[in-house]
Every structure is written in structure tokens, then in C-alpha cells.
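Below is one structure, written out as C-alpha cells; the observations come after it.
Just so you know, all these numbers are worked out from the coordinates, no wet-lab data involved. Here the structure is a predicted model, which means the values were calculated and not measured. Every residue, glycine as well, gets a Cβ built from its backbone with ideal geometry; the counts of neighbours run over all protein chains shown.
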């Protein structure tokens, strides 16, 4: 068991480069299964979720080789069509092989998803969408069984689900006829997936808008692609700058992907400077309280909610955070409450009364983003904070501790702290 130990009170400043987007890289890895041959992905983060997805691909018969931050995926021959429970239970994104297996093999046997316990995140939107495309699906004994190939149709999603949009994109790219996805997810990671599929020979129009049109083709070929920068990792370090003085400059991502977050940071009184693939944040005086409501992109990302709650916990006044995406995402509030934050949960609202300061305490990482936010809280807390269950953080942040230390933080990892 490893823990992150933080000693608060040190200002942060400097520059940090973020890696490739976790939520894009995992789906691009799945998409590589669609084409026999070798595809190469660059700017792939070295995180545990990528390691798990590599195991999923290898279980299906693909060969995955990592060289620094590039992956070489040889999908010449697939020997199976099952994504087993022991792997899918570790990471919900594993279910994105559903669309690629349907597209490549016309069959898939995929375990029901796992990952962070932040809400139900039902797969029925995925199932309904694929069924609309003519794929036959049954669910029993904890598995999704899919047979058949996609045939052109119009699919209207009841919610702009990122995962469902991605599965439909992959299945329809090598399906028959024209598929239209209405109320599609608009996240930058959707556009990144579409760019890779187009490089493989797919015909896709409208990715990144609410309506995506896919003209099915008979087959795809391998391609090379560079993963976009991780906007959530970038946002996490920018909040750290707003908390701990700055200036903190984050490079290696498209600032347009964080428009609403940057707007909210400015509303707190922080100074925000935007350049080409870089943003600098500096705290200016007291933190002003700001209300936030999470929504699908281009709204405020649910993956930035916990980090922003940390910022609001020491704001000069009261604020409200409304969670509209996942019903269990406020588990983080109990943990930061142990550090002296005044947070009251009322349904899907968090009512936050800013306090003069936080105090270090032993806390447990409840999930990926909440764990990172607890480390941020430790940076401004008096005394020492010990964050356990850091395997959640390692799912999505490469070299989180070394990168914070390079900015001036007093933070380190301790192995087997409580043994």
C-alpha cells in the first residue's frame, strides 16, 4: 500500500507539461482493433489505465509494445472476442472494445463495466444505440453479448454519452450504409477518435457537434496518430496554481478545451493568461466564491468538480456546486471535510462555506479526480496530509508527485506506510 504525503503551505510556481489525454488514448487503443496490421499511437500517457487497456487488447490477440510514450498495436490477428470481467472491472473504458469488436469481428462478449464508483453510468444507452444499428444484443450473467454488424440508421441518444458515441462511431465506421448520431457527445476526445478513424479510412463528418454522420466502409487500414493533450490533467494543475499562488504554467494542451474552466477560474479572481497550447494561472488576493454546475461538454466537466470544490473550500464566501452528470460524485466532500472544509450535501448540490484555511489530516482517495483534489487540498493545508488509496490517482495522472514537486510542492510517496 502506497500513500502520498503532503506538507502544506509552500507556494507553487513554474511550468508543467501534461501528457496525452487518458480519455482519448484508451478509446484510440480500442479503435486500433478495427484494422488488421500495425497502428502507432504517440503521446500516450504512462498510467495504469493504459496498462489495463493493453492487457485487454492482448487478451483479444493483439500485440502491444510501448516505447517511451508511443504504443505500437499489432491487430493483424484477433484470437478472441471477450473482454473478461477481471479486466473490465478495473476500468469502465474497457467497454469501448464493444464497438470495435462488433466492427471487426461482428461479435463481442464484454463484461459489464467497473471503474470509479461515482455513479451508475449505465450501459443501456450503448446497447440501445447498437440495437438501433441492427446489432443483436443480449445481457446475462454480467456480460453483454453482441452479434452482427452495423447497418445504417439514425440513432438519437437520450443523453450525450461519450462512451455510447464512441462505440457507435467505431461500429458504424465499418458498417453498411449511412449512420447518423443525434445528440452525440461533443467532447474533444470524440473529435480525436474521429480523426484517427478518418486516418484509417473511415468517412465521418460532424464529430465534435451534436450530429455526426458516418458513411460505412468495407474495411479500415492501420494509421499513426498523436493523442491530444489531457485537458483534465491540465485543469488540475491550473487549480493548483490558483490555490498556491503561482504563476503556474501548463503546456501541451489546447486551451479551448478548457474554456468554461478558465472562465470560472477568472471569476474566482485568479489571473489567467492564455497562449498557444499553454495557460498560466496566478492567484491574486482572496479567492472569490463562484457557483458551478457540471454538464456535458462544452459545459463544466464533471472531472473538474472535485478540484474546483477544493478551491471553493477556502474561498471568501459561500458557493454552490451542482453535479448534473454522476450522482455519487460528492463522496469527495466527506474526505475534504476531515480537513476542515465546510461542505453540506443537499441532493445533487454541494453547499460550500469558505473557511480561512484547511488542516492536514489522513484522508482516503475516493476515486481518480477526488484523489488528486485531496492532494491539492493538502498543498494549502496547515501541517501534513496523508492520502491513501492512491491507485485511483495513478489511473489518470502520470508522475503526479514528481510534477508537483517540480513546481515547489513538499510531496512524496511512502510505501507500506501503515504496515
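For the chain, the spread of Cα positions along the three principal axes, ordered from largest to smallest, is 61, 44, 41 Å. When the alpha-carbon atoms of segment 48-199 are used, the pair Rg, Dmax equals 14.7, 41 angstrom. Looking at the chain alone, DSSP beta bridges between its own residues are antiparallel in about 70 percent of cases.
Cα convex hull, segment 318-393: 75 Å³ per residue, rounded to a whole number. When you restrict to C-alpha pairs under 8 Å that are six or more residues apart and normalise by the size of segment 22-226, the relative contact order lands at 20 percent. For the chain, a Gaussian network of Cα nodes joined below 10 Å ranks 276, 199, 333 by mean-square fluctuation, and the top entry is 276.
Summary of the geometry: segment 138-154 and segment 340-378, compared by the centres of their Cα atoms, lie 40 Å apart.
Okay, helix-only estimate at 222 nm for the chain: each DSSP H run of n ≥ 4 adds -39500 (n - 2.57), divide by all residues, round to 500 deg cm²/dmol; what do you get? Taken over the chain, the calculation gives -9000 deg cm²/dmol. The distance between label points at residue 251 and residue 42 comes to 1.7 nm (points 7 Å beyond Cα on the Cα→Cβ vector). For the chain, the longest principal axis of the alpha carbon atoms and the long axis of helix 231-244 meet at an angle near 0°. As a length-normalised measure over Cα pairs under 8 Å and 6 or more apart, the relative contact order of the chain settles at 21 percent.
Rounded, prolate or oblate, given the Cα gyration tensor of segment 173-286, with a/c below 1.5 counting as rounded?
Taking the square roots of the gyration eigenvalues as a ≥ b ≥ c, segment 173-286 is prolate.
Using only the Cα atoms of segment 282-343, each taken as one equal point scatterer with no solvent, compute I(q) by the Debye sum, divide by I(0), and report log10 of the ratio at q = 0.17, 0.26 Å⁻¹. Values returned for q = 0.17, 0.26 Å⁻¹ are -0.58, -1.17.
Here residue 59 and residue 399 are evaluated by their C-beta separation; at R0 = 30 Å the FRET efficiency comes out at 0.65.
Among 405, 364, 288, the residue with the largest mean-square fluctuation in a Gaussian network model of the chain, with springs joining Cα atoms closer than 10 Å, is 405. If you run the Gaussian network model on the chain, springs between alpha carbon atoms under 10 Å, then out of 79, 280, 310 the most flexible one is 79. The C-alpha atoms of the chain define a longest principal axis, and helix 368-380 lies at about 20 degrees to it.
The stretch between residue 66 and residue 278 holds 73.6 nm of extra length on full extension. This uses 0.36 nm per residue minus the Cα-Cα distance. Using only Cα atoms and rounding to the nearest 10 degrees, what angle (0 to 90) does helix 162-173 make with the longest principal axis of the chain? Tilt of helix 162-173: around 20 degrees. Rounded to 0.05, the FRET efficiency of the residue 136 and residue 159 pair, given R0 = 22 Å and the Cβ-Cβ distance, is 0.40. Modelled label positions at residue 353 and residue 215, each set 7 Å beyond Cα in the direction of Cβ, lie 6.2 nm from each other. Take the Cβ atoms of residue 176 and residue 384, set R0 to 45 Å, and the FRET efficiency comes out at 0.15. The label-point distance for residue 322 and residue 203, in a model that sets each label 7 Å from Cα toward Cβ, rounds to 4.3 nm.
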